[in-house]
Amino acid sequence: MALALLGWLLFAPLQFGGDTAYIILTGNSMAPRFQRGDLVITHRQAAYHRGDAVAYHHPRIGAVFHRIIAVDRNGRFILQGDHNDWEDSYHPASDEIIGKLWLHLPHLGEGLRALRSPAGLLSLSLTLSILALLTVSPPPKSRKKKAKAMTSSSSRLAELLVLLSVLFLASLVLGIASFTRPASLEEETPLPYKHLAMFNYTADVPTDVYDAPQVQPGEPIFRRLNDSFTVSLNYAFITPLPVEMSGTYRFLARVGDQSGWKRTIELVPTTPFQGTIFTTSGTVDLNTAQHLIDELEERTGVHQSRYTLTVLAEVNVQGVLDGEPLTDTFTPALTFQMDELALRLLEDPLAEGDPLSPSAERMLTRKETRANTLSILGLNLPVRAARLISLGMGIPSLVLFILFFYRARALARRDEVEFLRVWYEPLLVETNDIRLLEAPNRVEVTALRDLTRLAEQEQRAILHLAEGDRHHFFLQTAEHLYHCSVENGMAEQQQWAKRPSSAAETWLPWSPRARRQAWEAYERALQGWAQAVEACLYEHDGHVQRVAEMAERLGRALGLRGRTLRAVRMAAYAHDLGLMDVPPRILRKKKRVSAKERELIRSHPDYALRYFPDTDILKDVSTIVRHHHERWDGEGYPDGLRGEEIPLGARIIAVVDVWDALGSPRPYREAWQEEDILRYLQEQAGEQFDPHVVDVFLNILREEKHPAVTSSTESTETAA
């Protein structure tokens with residue numbers, strides 16, 4: 001356990017909260033020491049230093065394994081591959097470092113990459129299935145080794161069933177995860193780019209008016225000194241992505257006013273260009289612009305003191321940006337305010353940046369379809385591959401599980417001891433202590449399955465003692481030692497219960513003697529079960545035996561004979577058998593049971609039917625057992641039968657069972673006094689109980705001269 005914990009702390013991947021990353025190298029940028037196909041394992045550190053070989057997360061490439069060569073002034077790392085002559089373009093921050101080199105495993109990455117492929121994973125799943133098949137070898141033919149071989153085969157069969165169930169469940173989980181996800185995803189990848197224009201304007205001026213012989217950008221142009229000026233434009237298309245581009249541009253000057261009127265003067269006609277940059281220039285004639293204004297004012301009669309003069313470029317680009325077609329338009333403009341005296345550059349207070357360098361940042365979106373993946377133990381497995389693996393591993397494991405499960409069932413029918421070794425191996429302990437055979441006051445259990453059920457409830461081991469062809473099984477609890485004897489792998493009393501109805505009918509020859517022997521075998525089995533129930537629930541207080549004896553007497557008094565009377569007695573033995581399937585903590589609970597717990601208890605008549613084979617010879621017995629909690633008024637369970645719809649045997653056991661149970665202490669109450677019990681029976685006659693059955697039962701008790709019955713009768717006659 002300590003080694004497993006240490007291994008987890010050292011090798012737990014980042015995806016599961018650990019500090020370890022596993023990276024398969026796909027290039028030789030760290031050659032000669034690190035080659036393509038190597039596996040490097042990194043560990044997250046508190047700090048990283050110059051010279052460390054680290055893996056970091058690049059926003060576009062993914063994981064990159066290079067060496068730190070410096071730290072810039074912003075605290076970001078500058079990295080470079082050992083085999084590269086250039087620095088990495090991206091400088092990661094500390095939280096983008098995945099980890100520092102810890103282990104280097106040459107060539108192992110190629111094997112892992114092959115294993116992570118769909119074909120590799122499918123091969124692995126099929127290999128596991130084949131190995132699972134090989135885990136069970138046929139038993140040796142030697143008779144001397146038969147017992148040992150069967151034990152080994154049983155153990156292997158149990159291990160194989162567990163292995164196959166684990167494989168199938170893993171395949172089922174993988175299948176659910178993969179088939180509920182799309183096999184492919186559509187992603188939108190942003191492709192950013194930027195248009196940038198840089199304007200410049202100049203005009204020759206007298207040096208006695210300006211500091212320089214030319215107007216500088218940003219300065220006003222006085223119309224008395226200049227009647228024209230030159231404007232130049234440098235354009236650039238900027239992107240970090242590969243691009244092939246061409247286009248056209250047109251250079252214009254436009255005069256306008258606030259009302260929306262405008263006239264355009266072409267400075268440079270439409271001109272093609274190649275690449276991502278171009279330069280152009282043109283001369284703006286102010287006299288031409290003034291002529292257009294004068295013509296407007298003369299014809300409209302509207303005079304304004306100020307107009308605008310805008311120099312603009314119409315740029316149209318076409319090309320391919322990182323494999324995607326691109327078509328776009330950019331119209332940078334430089335605007336002046338124009339009056340009779342000067343032109344002054346206008347600045348928009350809401351616009352950001354330099355008015356001489358307008359720009360536009362834009363983005364092209366690329367839609368891509370990629371294979372969807374599942375992250376499993378740090379591996380990004382394609383969904384299609386996960387589906388293939390889940391089918392390739394799940395179907396064989398399910399088929400093998402079914403085959404070996406039926407093999408285990410056949411083994412159970414053939415040899416119950418081997419069945420116990422297959423299904424209950426953790427509970428089974430071998431012993432050679434023959435003193436157990438002479439232990440006094442043992443509780444004999446006729447069915448080995450009942451012994452295993454007791455062992456599960458009590459959480460105790462089962463001791464196995466072999467005595468030739470006979471096998472003895474013991475279960476020691478705090479109060480009792482239970483014993484079950486099995487010969488030739490099958491308990492004698494249990495053989496009939498394991499046969500299907502058709503086999504049972506064929507197996508039993510229906511002569512009177514055979515029928516009598518069958519009844520006796522069944523009754524011995526039911527008596528054995530009754531002893532187990534008493535030991536578990538009533539601490540051997542004799543409840544079941546008393547109910548059986550009194551039910552037989554009451555049935556005889558009611559005129560029952562032969563097979564019908566015997567069915568009542570056998571049903572009395574089995575009436576509480578279903579309580580074996582109710583958790584003991586509920587039956588021994590001192591407080592009031594919950595509604596759910598009450599429902600479990602009320603189901604015990606149906607539970608008891610599991611112990612009866614489906615044969616006509618026990619049909620009457622099972623019917624009585626199932627209905628012994630029905631009420632005369634129809635308020636009972638499980639079917640709510642009323643009056644004489646309830647079998648007479650069930651009505652008999654209902655009276656006798658309550659009579660004896662109320663007279664015995666239970667965890668949740670004390671024992672009742674006998675006069676209180678008889679008074680209760682008289683009160684419930686016609687409601688809970690058949691009134692005629694109650695009368696006959698009280699007569700039996702009166703004949704035995706029970707004081708409580710006599711006093712109760714005298715009180716009734718006096719009151720009458």
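The values are calculated or read from the model by the stated rules, or taken from the named source; none is laboratory data. If you're wondering where the values come from, they're calculated on a predicted model, not measured in any experiment. With ideal geometry, Cβ positions are generated from the backbone for all residues, glycine too; neighbour counts draw on all protein chains shown.
From the list 631, 669, 702, 642, exactly one residue is at pLDDT below 90, under 52 Å from the mean Cα position of the chain (by Cα) and farther than 22 Å from residue 570 by Cβ. Which is it?
On the way: 631 fails: at pLDDT below 90; 702 fails: under 52 Å from the mean Cα position of the chain (by Cα); 642 fails: at pLDDT below 90.
Matching residue, one of 631, 669, 702, 642: 669.
Inside the range 70-84, can you point out the residues that are in a strand (DSSP E or B) and surrounded by fewer than 16 Cβ atoms within 10 Å (Cβ to Cβ)?
Pass one, the range 70-84, residues in a strand (DSSP E or B): 70-71, 77-80.
Across the range 70-84, the qualifying residues are 70, 71.
Any idea which of 12, 31 is over 33 Å from the mean Cα position of the chain (by Cα), in the same structural domain as residue 106 (by TED's automatic domain parsing) and of a type in the set (A, V, I, L, M, F, W, C)?
Details: 12 fails: over 33 Å from the mean Cα position of the chain (by Cα).
Going through 12, 31 in turn, just one is over 33 Å from the mean Cα position of the chain (by Cα), in the same structural domain as residue 106 (by TED's automatic domain parsing) and of a type in the set (A, V, I, L, M, F, W, C): 31.
For the range 538-553, state whether one or more residues are at pLDDT below 85, within 51 Å of the chain's Cα centre (by Cα), surrounded by fewer than 20 Cβ atoms within 10 Å (Cβ to Cβ) and part of a helix (DSSP H, G or I).
yes
Of all the strands (runs of 3 or more DSSP E) wholly in the range 342-394, which have at least 1 residues that are β-branched (Val, Ile, Thr)?
Where strands (runs of 3 or more DSSP E) fall fully within the range 342-394 and carry at least 1 residues being β-branched (Val, Ile, Thr), they are 359-371, 373-376.
How about the range 566-629: which helices (runs of 4 or more DSSP H) wholly inside it have at least 3 residues that are within 23 Å of residue 647 (Cα to Cα) and touching a helix residue (DSSP H, G or I) at 6+ places or on another chain (Cβ under 6 Å)?
Once the helices (runs of 4 or more DSSP H) in the range 566-629 are filtered for at least 3 residues that are within 23 Å of residue 647 (Cα to Cα) and touching a helix residue (DSSP H, G or I) at 6+ places or on another chain (Cβ under 6 Å), what remains is 604-608, 619-627.
Checking the structure you have, find out if any residue of the range 43-54 is surrounded by 14 or more Cβ atoms within 10 Å (Cβ to Cβ), modelled with pLDDT of 90 or more and closer than 28 Å to residue 189 by Cα.
yes
Which residue pairs have Cβ atoms under 8 Å apart, sit 6 or more places apart or on different chains, and have a first residue in the range 153-170 that is assigned by TED's automatic domain parsing to the domain that holds residue 404 and a second that is among the hydroxyl-bearing types (Ser, Thr, Tyr) and at pLDDT below 80?
153/137; 156/135; 156/137; 159/135; 160/135; 163/135; 167/129
Would you call residue 168 at pLDDT 60 or above, among the hydrophobic types (A, V, I, L, M, F, W, C), outside any loop (DSSP other than H, G, I, E, B) and under 26 Å from residue 375 (Cα atoms)?
The answer is yes for residue 168.
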